[in-house]
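J.: Pasting a structure below so you can have a look.
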Amino acid sequence: MKLLYFAWVRERVGKPQEDVELPASVATVGDLMAWLAKRGDEYAHAFENPKIIRAAIDRAHVRPETAIAGAREIAFFPPMTGG
Amino acid sequence: MAAATIRLQREPFDTAAETAALTSGRTDIGAVVAFTGICRGSEDGAPIAALTLEHYPGMAEAEIARHVEEAQSRWALLGVTVIHRYGRIEPGEPIVLVLTASSHRQDAFAAAEFLMDFLKTRAPFWKQVDAAGATTWVEAKQSDDSAAERWQNPPGRRDAAE
């Protein structure tokens, strides 16, 4: 699974993207954030408040309860501040 | 459905040239609304050196296109242009351009406001402020979320929703 990080999520994780092998128990976007948060201090910092982190699957916004089955690319980022 | 121009670029844009490109050779267009977002020289009362905009390539274009399509389905538009810059932008420089064209002004005004409200809250861009030698990420504003939410219900024209 390809994971992408943007803005301060990217800074805290320390990398813009990575490929990970996920255990079968990780079924939803919310599960994935909880799993990532346990991967080390930098991930724990990035995902310490998962309620404010936004996610996209294959370049479309999704919610924490969205299933990740079939996803090619999952991105995590803070609330957007463009325009 | 009218053609739309969507571009992401580092370089500044020329609003007059983009407006001319949208209306050139057309006699059906009776109204063009142009919104330009410009980098302010201060944030919360403190001077800033620049903004740096990060974006999610691929998703940014797709998300803008989805909202342009929705605007085209809600209002009678004869043309749309959205240009959003990324990278370093200094005070006084333009950040974003939304042009909407219609035969009468109401559709162009409403669609431009709709598109800007959604660019603020749904398009994957993040602003970083460079001030006094330090960089900080801009926090999302609740007022921007509220501005976008007012378009959700009931669907249809804003003048019918108010």
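Each reported figure results from applying straightforward, stated rules to the coordinates on display, with no laboratory input. Since the model is a prediction, treat every value here as computed from it, not as a measurement. All Cβ positions, even for glycine, are placed from backbone atoms using ideal geometry, and neighbour counts span all protein chains on display.
J.: Lys/Arg Cβ at +1, Asp/Glu Cβ at -1, dipole of the stretch B:4-161 taken about the Cα centre: which of B:75, B:57, B:109 is farthest positive-ward?
T.: Farthest towards the positive pole: B:75.
J.: From the square roots a ≥ b ≥ c of the eigenvalues of the alpha-carbon gyration tensor of chain A, which class results: rounded (a/c under 1.5), prolate (a/b over b/c), or oblate?
T.: Because its axes are fairly even, with a/c under 1.5, chain A counts as rounded.
J.: Continuing with this model, one more query. For the protein assembly as shown, give the magnitude of the charge dipole about the Cα centre (Cβ charges: +1 Lys/Arg, -1 Asp/Glu; no others), in debye to the nearest 20.
T.: Charge dipole, the protein assembly as shown, about its Cα centre: 220 debye, nearest 20.
J.: Any idea what angle helix B:59-74 forms with the longest principal axis of chain B, computed on alpha-carbon atoms, 0 to 90 degrees, nearest 10?
T.: Helix B:59-74 sits at roughly 30 degrees to that axis.
J.: Can you give the FRET efficiency to the nearest 0.05 for residue A:52 and residue A:21, using r as the Cβ-Cβ distance and R₀ = 22 Å?
T.: Once rounded, the FRET efficiency stands at 0.25.
J.: Counting partner chain Cβ atoms within 10 Å of every residue's Cβ in B:144-152, what's the average?
T.: If you average over the peptide's residues, the count of other-chain Cβ atoms is 1.
J.: Dividing the alpha-carbon Rg of the stretch B:4-161 by 2.2 N^0.38 Å yields what?
T.: Cα Rg divided by the expected 2.2 N^0.38 Å: 1.07.
J.: Same structure, new question: Between residue B:40 and residue B:88, how many nm apart are label points set 7 Å from Cα along the C-beta direction?
T.: 2.3
J.: If you don't mind, another one. Quick one: putting +1 on the C-beta of Lys and Arg, -1 on the C-beta of Asp and Glu, what dipole do you get for chain A around its Cα centre, in Debye to the nearest 20?
T.: 200
J.: How would A:43, A:5 line up from fewest to most surrounding beta-carbon atoms within 10 angstrom?
T.: With the sparsest Cβ surroundings first, the list reads A:43, A:5.
J.: Now for a different question. List the aspartates and glutamates whose Cα sits under 15 Å from the Cα of residue A:2, skipping any in the same chain fewer than 8 residues away.
T.: List returned: A:18, A:19, A:21, A:58, A:73.
J.: Which part of the stretch B:95-132 falls in the paramagnetic zone of residue B:5, meaning amide N under 14 Å from the point 7 Å along Cα-to-beta-carbon?
T.: Once the point is set 7 Å along Cα→Cβ of residue B:5, B:97-101 turn out to lie under 14 Å by backbone N, inside the stretch B:95-132.
J.: At what distance in nm do the modelled label points of residue B:149 and residue B:15 sit from each other, each positioned 7 Å from its Cα along Cα→Cβ?
T.: Calculated label separation equals 3.0 nm.
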